[in-house]
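What follows draws every value from the coordinates through simple rules; no lab data is involved. Predicted model only: the values in this text are computed from it and were never measured. Note that we place each Cβ from the backbone using ideal geometry, even for glycine, and neighbour counts take in every protein chain shown.
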Amino acid sequence: MEIISDVWDKIVAGLILPLLDFNDPEKRLNYFYLLSSVLFAYYVYYKAKQRIPFYKYIFSKKVWLSKSAFIDYKYFFFNGILKVALVFPLLTYWRYLGVTINDWMEESFGLSSILLTESQIILYYTLALVILLDLRIYLVHLAMHKIPFLWEFHKIHHSATTLNPITQYRLHPIELIINNLSHVFVSSFLIGFFDYFYAGSVDIITYLEINIFTVLFLFWGSTLRHSHVKLKYFHELERYLLSPFQHQVHHSNNPAHFDKNLGSKLAIWDWIFGTLIRSSEVVKIRFGLGKNEDGNYNSFFKTLYMPFRNIGRFLVRKRN
Ligand SMILES: [Zn+2]
Ligand SMILES: [Zn+2]
């Protein structure tokens, strides 16, 4: 009986978990950013001289009620349950990494002769966090595109043929685990590293992960990256910050756009590694994997098992 009630509690907590994102200032789904996105969407609507009413433009049935969108909605809750039941327990071990790094630095170099003040720690730690977490997303994303077996899992995100703000949750469980583990790995490493230079505990000030940079970026229509609203930034700015349209180009089924715009907030990684495309270079896009593959991922169940089937087939072919 206890097991059943434990499973039930996890399911309920998992279903509630994604809904908390509406109130989380670090999440694109936060109501404040949704609201700002509507304003930016109106700007795009007005500039494009659309003939349909605005509400029909943003709440397009083709987008929100598509077969693809319903797969996204299922992932929204399914991955919530998975996080509570599997991902969070996995992460607890990784959090000790910070302590290990700090101990290792003290043993190797002795106690630090440089001690930073609280305001210095806040500034350096926040900057390092913004830059390295963004770089982490770029590198993991690059690996997802370039390593064939990882691509099989990442394909699920790209198999969306329409984009809405919930599409960001359309991630195969394997990708969900990799993303969360690598995130905790980088942030725990930074906590351990900065603890070495600080008399207090950096862990206590981690609330600063919600920093002004993140809030500003997300406010700037970032929620629209998974949508049909083509919000572009100025040509020069798109070299430094990724606009919503640049991420939409990442979802294009045109081979010329494959493996481009892999970053999250900063466009500089794409610029440095030569994977950047700016809005002015793109005329028309369609979302998805292309006609030959879209049909393989047109149900929630198919998106879950197709990566395993494809990897299995590949391994059998290699053995023969
Ligand atoms: Zn991708
Ligand atoms: Zn995406």
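Approximating the spin labels as points 7 Å out from Cα along Cα→Cβ, the Leu315-to-Ser280 distance works out to 4.9 nm.
Pairs with C-alpha atoms separated by more than 26 Å, drawn from the list Lys62/Lys155; Lys61/Lys284; Lys61/Lys265, are Lys61/Lys265.
Using only DSSP helix segments of four residues or longer, with each worth -39500 (n - 2.57), what per-residue ellipticity at 222 nm results for the chain after dividing by its residue count and rounding to 500? One gets -18000 deg cm²/dmol as the mean residue ellipticity at 222 nm.
Think of segment 2-319 as having a plus end and a minus end, set by charges on the Cβ of Lys, Arg, Asp and Glu; of Val7, His154, Ser66, Ser66 sits farthest toward the positive end of this dipole.
Springs between Cα atoms under 10 Å define the GNM used for the chain, and in it the highest mean-square fluctuation of Glu281, Glu175, Glu238 occurs at Glu281. Just so you know, the averaged projected area of the alpha carbon convex hull for the chain sits at 20.9 nm².
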